[in-house]
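To keep things clear, I will list the structure first and then write my remarks on it.
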Amino acid sequence: MHKKYKAALFDLDGVLVDTAKYHFLAWNQIAKSLGITFTEEDNERLKGVSRMESLDILLSLGSVILTNEEKVELADKKNKIYVEYILKLDEKDILPGVLLLLEELKEKGIRTAIGSASKNTPVIIERLGIKKYFQAISDGNIISKAKPDPEVFIKAAEMINIEQKECVVFEDAKAGIQAAKRAGMYAVGVGRKEDLPGADRWVSTLLELDSNQLF
Ligand code: BG6
Ligand code: MG
């Protein structure tokens, strides 16, 4: 018998919605403009990582060194391209099993929050029509330390008034699993076990999860 938890904290990109492909397309345009080769495999390294850190990884791939000002300009440019894509998102982009799980949690009275590095969280959940399922949003607009720092999940737990050890985190990024474990939370890896070391359990999509075991 598993312990029963009181709250569910969800990463956004790659857990609730399939946005990795849009991050990739947008970064790829920036990479091309700099003459850097950027593959989907390279894009894996950007998952869960903040916008500026993602740019640093991209620049390091091409050994490109820029001033801070130039970097801010490029990050803004990438975001403009990315926002064009996410403005077209709708319910069809919600990942498998998400709505069912959110409905089950609502029925059980489990508190839910988002814990994401993305500054675009508000616009994305608005587009997907899932805002109503969350009591709090802890995102890139309010945190100062990116995952694997636990700040984003600690803030989320505080916002919904639930102790950290009573929370389950759903994450598709290695840095996110590390953040959840550092916060003393139960971590469900959404994706391949080999990509998500340190999680307490893994599912390939949320459809596989039996929520009665955890909540
Ligand atoms: C994370 C994504 O959720 O948000 C990263 O996994 C992304 O790939 C980061 O870089 C920041 O997102 P945004 O929308 O603020 O540029
Ligand atoms: Mg993610």
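The values are calculated or read from the model by the stated rules, or taken from the named source; none is laboratory data. Please read these numbers as outputs of a predicted model, since none were measured by experiment. As a convention, Cβ positions derive from the backbone with ideal geometry for all residues, glycine included, and neighbour counts pool all protein chains shown. Quick note on the areas: whole protein, heavy atoms, side chains included, nothing else; ligands and nucleic acids left out. Shrake-Rupley method; radii C 1.70, N 1.55, O 1.52, S 1.80 Å.
Points to keep in mind about this one:
- As computed over the stretch 75-215, the Cα convex hull volume per residue (Å³): 111 Å³
- Across the accessible surface of the chain, with the other protein chains kept in place and a 1.4 Å probe, carbon and sulfur atoms take up 50 percent.
- Radius 14 Å from Cβ of ASP18, net charge of other residues (Lys, Arg +1; Asp, Glu -1): -2
- Charge sum, other residues only, whose C-beta stays under 11 Å from SER144's C-beta, Lys/Arg counted +1 and Asp/Glu -1: 0
- Considering only VAL188, VAL98, VAL72, the Gaussian network model of the chain with Cα springs below 10 Å gives its largest mean-square fluctuation to VAL72.
- Gain in span if fully extended, LEU25 to ASN79, counting 0.36 nm per residue against the direct Cα distance: 18.3 nm
- With Cα atoms, 0 to 90° folded angle of helix 20-34 axis to the chain main axis: 20 degrees
- Restraint check, LYS21/LYS165; LYS88/LYS155; LYS77/LYS132; LYS6/LYS145, Cα-Cα greater than 28 Å: LYS21/LYS165; LYS88/LYS155; LYS77/LYS132
- Solvent-accessible area per residue for the stretch 20-86 (1.4 angstrom probe, square angstrom): 57 Å²
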